[in-house]
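**Student:** Sharing a structure with you now.
The values are calculated or read from the model by the stated rules, or taken from the named source; none is laboratory data. Predicted, not measured: the structure shown is a model, and the values here were computed from it. Positions of Cβ are generated from backbone atoms using ideal geometry, with glycine treated the same way; all protein chains shown enter the neighbour counts. Please note that ligands, DNA and RNA were not included when accessible areas were found on the heavy atoms of the full protein model with its side chains. Shrake-Rupley method; radii C 1.70, N 1.55, O 1.52, S 1.80 Å.
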Amino acid sequence: MQNLNITQLVESWIHVSPSFQINEPQNNTFQVIARANMLGTDTSDPDSKGAKVYSEPQNLPTATASILNKVGNRANFHPQSQSGERLEGDFINYLKQIDKTPFFALTKSGTTADKFDSKNYNVLIDQIISLYDGVLSQHDENLMRKSIADMAKSVFGRNPLNDQKAIFLMTTIDMLNPLIPRILIYYTTLHMKYVKGKFEISLQEFQVNKREYAILPDLISAYADKLSILMRMSVDQWLLEYTSPERINAKLCFEVSSVQRN
């Protein structure tokens, strides 16, 4: 009976898409900026199709990207093609749909908040990087530092008319340890207060929310035939589709350093 219930859950997740009321943005200073990342090596066979995408262990990165794309479709969450303001409501749906995905299991959840007076965005970047608890290589850390800076450009690379509020969402497929594949969700709520009439930051407030999900390869493999009807999405495609476009010619009032500061 238990197996039957799991089967029904999987079939419902694959075939039944929830309907959500389209949420209009509350104001034009609140935006959601998304970034997709991959840690480790993509071992997937680019020629694999159908059930083999989900049944063969080397294809787990592609299987995970395809499942995450289904999550995005269920939540109507499409960062590459939707505006940051439009994503405000769908971002919440996206988080809910990740929690409801039968092939991921939540293993950790935590929140860190702080506020400080600083004009230096690198302070914020260092705070977020530190929350990865040493799982990043120096190369991956440098790439992630640049990713956060790119997201900042998407929102803050313009003369402010009002105080700026944003959520920076980072979804990471973590295959650094193939025996412990994970999904990492980091979303930072950021509020930048400006000195009135000046392009000068007076206060930065942020809250970083961290969730870790175990990817369940055995369950994915067990339901490979059913999952085979999903749209196959490579990791490279997923990285593109679930990353917000950078603002053209956006500039920040800081420079990003690739060297970790003390």
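Residue by residue, here is whether (1) at pLDDT 90 or above; (2) open to solvent by less than 70 Å² (accessible area, probe 1.4 Å) holds:
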site: Ile180; (1), (2): yes, no
site: Ser202; (1), (2): no, yes
site: Gln207; (1), (2): no, no
site: Asp225; (1), (2): yes, no
site: Ser244; (1), (2): no, yes
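**Student:** Got a number for residues in segment 93-132 being at pLDDT 80 or above, buried (at least 16 other Cβ atoms within 10 Å of the Cβ) and not in a loop (DSSP other than H, G, I, E, B)?
**Tutor:** Summing the residues that are at pLDDT 80 or above, buried (at least 16 other Cβ atoms within 10 Å of the Cβ) and not in a loop (DSSP other than H, G, I, E, B) in segment 93-132 gives 6.
**Student:** Which residue pairs have Cβ atoms under 8 Å apart, sit 6 or more places apart or on different chains, and have a first residue in segment 32-56 that is over 30 Å from Lys146 (Cβ atoms) and open to solvent by 40 Å² or more (accessible area, probe 1.4 Å) and a second that is at pLDDT 95 or above and basic (Lys, Arg)?
**Tutor:** Matching pairs, first to second residue: Lys49/Arg232.
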